[in-house]
Amino acid sequence: IPEDQADKLLLASWGLPKAVLEKYHSLGVVQMFEWQAECLMLGQVLEGRNLVYSAPTSAGKTLVAELLILKRVLETRKKALLILPFVSVAKEKKCYLQ
């Protein structure tokens, strides 16, 4: 991330509602890793273009997907479909995203 865009690491820089930011903050998530912010700034991904990214388990891939989904749902007022690999993960995310 270029030095002049270091603020993009902060979740508060992405135009999310206060309630969403407070939920992330309560979970200890205040900022992203550089690679996560880079994913969000690539091409036209925030306008709905495709994004393929890879990272090790527990590296933070889900946060990128959640932020993309939240921004698109809030901006377009359309629904989103989040497909998860396991029922236990789906139940966890359901509670988390509510």
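Each value in this text was obtained by applying a stated rule to the coordinates, not by laboratory testing. As the structure is a prediction and not an experimental result, all values here were calculated from the model. Note: ideal-geometry Cβ built from the backbone for every residue, glycine included; neighbour counts use all protein chains shown.
Counting only other residues whose beta carbon sits under 12 Å from that of Val73, what net charge do I get with K and R as +1, D and E as -1? With Lys, Arg at +1 and Asp, Glu at -1, the net is +3. With 0.36 nm allotted per residue and the present C-alpha distance subtracted, the His25-Met41 stretch has 3.6 nm of extension available.
Classification of the chain by its C-alpha gyration tensor yields a rounded form. The axis ratio a/c (a ≥ b ≥ c) stays under 1.5. Met41 sits among other residues whose Cβ lies under 13 Å from its own Cβ, and their net charge, with Lys and Arg +1 and Asp and Glu -1, is -2. Counting charges near Glu3 (Lys, Arg +1; Asp, Glu -1) among other residues having Cβ under 15 Å from its Cβ returns a value of -3. Counting only Cβ charges, +1 for Lys and Arg and -1 for Asp and Glu, the dipole size of the chain around its Cα centre is about 680 debye. Comparing Phe33, Val52, Ala90 along the charge dipole axis of the chain, the residue lying farthest to the positive side is Ala90, per the Cβ-charge model. Mean sequence separation of contacting Cα pairs (under 8 Å, at least six apart), scaled by the length of the range 3-97, corresponds to a relative contact order of 20 percent. In degrees from 0 to 90, rounded to the nearest 10, what is the angle of the helix 61-76 Cα long axis to the longest principal axis of the chain? For helix 61-76, the angle is close to 90 degrees.
Label-to-label distance for Glu34 and Lys61 is 2.2 nm, based on points extended 7 Å past Cα in the beta-carbon direction.
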